[in-house]
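Everything below concerns the one structure shown next.
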Amino acid sequence: MQKKYFFFDIDGTLSIGQTMVMPESAVRCLARLRAEGHFTALATGRLQASAAGFAAAHGFADFVADGGYSLTLGGQIAEMKSLPVQECIALIERLEAAEIPWSVTPVNERMCVTSDARYLPFAPPEYFPTQLDPTFDYHTLREIYKVNIACPAGQEAEIDFGTLPTVRYNRDVLLIEPTEKQKGIRRMLDRMGIPDEDVVVFGDGSNDLCMFGQGWFSIAMGNAREALKARADYVTDPVDRDGLWNACRHFGWI
């Protein structure tokens, strides 16, 4: 069997929604892929530290995280860069002028910090813990990995994001995070000398669109956004209906 190199999104692809909980069939599928000699990696928008916990729990030593801004190889960070700090600072200044609550993740840890108490009711309970520090001065930051904005769906047009990329987390919170997973995958492939024809990518969300149409075989979950399904080479069943297992069985990879 020809060895394949699989890159999986996490939320809504490997795990059910944003729960980080994988269906039993997905766990079994990963074990079978590895037993057959295939390479398995993650490609996620999550912070490296967050992805690392999921990776360790599910046997991934290699992953693209931070929406393509970081590479972890053999369990060690090989590359990691911040969002453009000055652009993020300018955005937060605009948010404060418009009285829009915000928080940031300034380190590679599962945490957010804000000096604005109004953000706390918006902080998703399943997301990073949010620290309130009235003395926090974002102007002194040298690295910023996420900016979290209290922005109900439909109100995006009221904010000037500049050139910063946005990803909607839920109906109330919008994230500033990289959306270049394809570039992270490409850098990993180049490091490993892997040809495009041996690569398979799985995804479900709008931030997975960048991975599709890159010369890799692309599979959208049945619960995926319609735009992703339209671009996919194949559409499988939803994640909670054995989508991963069924796709890999269909193509004879397991």
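Under the combined filter of DSSP loop state and at most 12 neighbouring Cβ atoms within 10 Å, the stretch 16-104 retains these GluC sites (Glu not before Pro): GLU99. Site pair LEU132 and GLU156 shows an inter-label distance of 3.0 nm when each label is modelled 7 Å from Cα along Cα→Cβ.
What FRET efficiency, computed as 1/(1 + (r/R0)^6) with R0 = 51 Å and r the Cβ-Cβ distance, is obtained for THR163 and ARG241, rounded to the nearest 0.05?
On the way: r = 39 Å, r/R0 = 0.76.
Calculated transfer efficiency: 0.85.
Send over the Kirkwood Rh of the stretch 153-210, from the inverse of the averaged 1/r over different Cα pairs, rounded to one decimal Å. Display every interim value, and only then the final one.
On the way: mean 1/r = 0.0730 Å⁻¹.
Answer for the stretch 153-210: a Kirkwood hydrodynamic radius of 13.7 Å.
Helix 48-57 and the longest principal axis of the Cα set of the chain meet at an angle near 40°.
Taking Cα atoms, how many degrees apart are the long axis of helix 181-192 and the longest axis of the chain, rounded to 10 and kept between 0 and 90? Tilt of helix 181-192: around 50 degrees. Applying 1/(1 + (r/R0)^6) with r as the Cβ-Cβ distance of ASN170 and ALA35 and R0 = 30 angstrom yields a FRET efficiency of 0.25.
Determine the alpha carbon to alpha carbon distance for each of LYS3/LYS229; LYS3/LYS146; LYS4/LYS146; LYS3/LYS81 and list only those over 28 Å. Could the numbers behind the result be given before it?
Working: LYS3/LYS229 25 Å; LYS3/LYS146 35 Å; LYS4/LYS146 32 Å; LYS3/LYS81 31 Å.
Those over the limit are LYS3/LYS146; LYS4/LYS146; LYS3/LYS81.
Note on the stretch 85-176: with charges restricted to the Cβ of Lys and Arg (+1) and Asp and Glu (-1), its dipole about the Cα centre is near 260 debye. Taking the Cα centre of each part, how many Å lie between the stretch 1-75 and the stretch 182-241? Cα centres, the stretch 1-75 to the stretch 182-241: 13 Å.
For a quick check of your reading of the filter: which trypsin sites (Lys or Arg not before Pro) in the stretch 131-221 sit in a DSSP loop and have no more than 10 other Cβ atoms within 10 Å? Kindly include the intermediate steps, with their values, before the conclusion.
Details: sites: ARG142, LYS146, ARG168, ARG171, LYS181, LYS183, ARG186, ARG187, ARG191; in loops: ARG142, ARG171.
Loop-located and lightly packed - ARG142, ARG171.
Annotation for ALA61 and MET1: the two label points, set 7 Å from Cα along the Cα-Cβ direction, are 2.0 nm apart.
Sorted largest first, the principal axis extents computed over the alpha-carbon atoms of the chain equal 58, 34, 29 Å. The Cα atoms of the stretch 85-176 give a gyration tensor whose axes a ≥ b ≥ c have a/c under 1.5, which makes the shape rounded. The ranking of MET1, MET80 by Cβ neighbour count inside 10 Å, starting from the fewest, reads MET1, MET80.
Can you tell me the length gained on complete extension of the stretch ARG187 to ALA227, counting 0.36 nm per residue apart and subtracting the Cα distance?
Details: separation 40, 0.36 × 40 = 14.40 nm, distance 2.54 nm.
Between ARG187 and ALA227, full extension yields 11.9 nm more.
Placing a label point 7 Å from the Cα of GLU93 along the Cα-to-Cβ direction, the residues of the stretch 147-163 with a backbone N closer than 16 Å are 160-163. Ordered by the count of other Cβ atoms within 10 Å of each Cβ, fewest first, SER15, SER25 give SER25, SER15.
Can you give the helix-only mean residue ellipticity at 222 nm for the chain, where every DSSP H stretch with n ≥ 4 adds -39500 (n - 2.57) and the sum goes over all residues, rounded to the nearest 500 deg cm²/dmol? It would help to have the intermediate numbers written out before the result.
Numbers: 6 runs with 61 residues, N = 254.
Helix contribution divided over all residues of the chain: -7000 deg cm²/dmol.
Where a number appears in this text, it was derived from the coordinates with a stated rule and is not lab data. Just so we're clear, the structure is a prediction, and the values are computed from it rather than from any experiment. Virtual Cβ from ideal backbone geometry, glycine too; neighbours counted across all protein chains shown.
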